[in-house]
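Step one of this worksheet: look at the structure below.
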Amino acid sequence: MPFIIQLCFQASVLSCEVELPPIKAGMSYKEVRKLLTNNGWFPISLHWSETESWSARERLILDKGYSDIQACSGTGLGHCLFSFGDGYGNKINITTSGQADNEPEDLNVTGWSINPEN
């Protein structure tokens, strides 16, 4: 624990108030999403006006209850970006991939990054 506290205060990367669950590339997004919400992270939703020009894929994911969706690419591997906050100013972005005709539950994590909100 001392290492984590020292890292948090020195780098101000992640507040020591929440735990980041073990996330690995290749995990299902559904599993990662559950780990995050069970550890105090909450979905960051876009304002409805920012979603008016969304693609059918982005709309499908939002309509399935994934309010943390931020954007999806229109081609290729179907990368999507999801965001969560922790209430202490930290934000985690999760990148996924999955074919355009897959259900949101079939998305797999390809990467993630943590950024302070402020």
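Since every read-out is calculated from the coordinates, none of them should be taken as a lab result. Keep in mind the model is a prediction, meaning the values are calculated, not measured. Because the Cβ atoms are built from the backbone with ideal geometry, glycine has one as well, and the counts that use them run over all protein chains shown.
Here are a few things to note about the model shown:
- Within-14-Å neighbourhood charge of ILE94 [Cβ basis; K, R +1; D, E -1]: +2
- Here the label points at LYS34 and LEU77, each 7 Å from Cα along the C-beta direction, are separated by 2.4 nm in the simple model.
- Gyration tensor verdict on region 25-110 (Cα atoms; rounded if a/c is under 1.5, prolate if a/b is larger than b/c, oblate otherwise): oblate
- In this rough spin-label picture, where each label sits 7 Å from Cα along the Cβ direction, the LEU46-LYS64 distance is 1.7 nm.
- For the peptides 83-96, 53-66, the ranking by packing is 83-96, 53-66, with the highest mean count of neighbouring Cβ atoms within 10 Å listed first.
- The distance linking region 54-75 with region 76-98 is 12 Å (Cα centroid to Cα centroid, whole angstrom).
- Efficiency of FRET from Cβ geometry, TRP54 and ILE114, R₀ 25 Å, rounded to 0.05: 0.45
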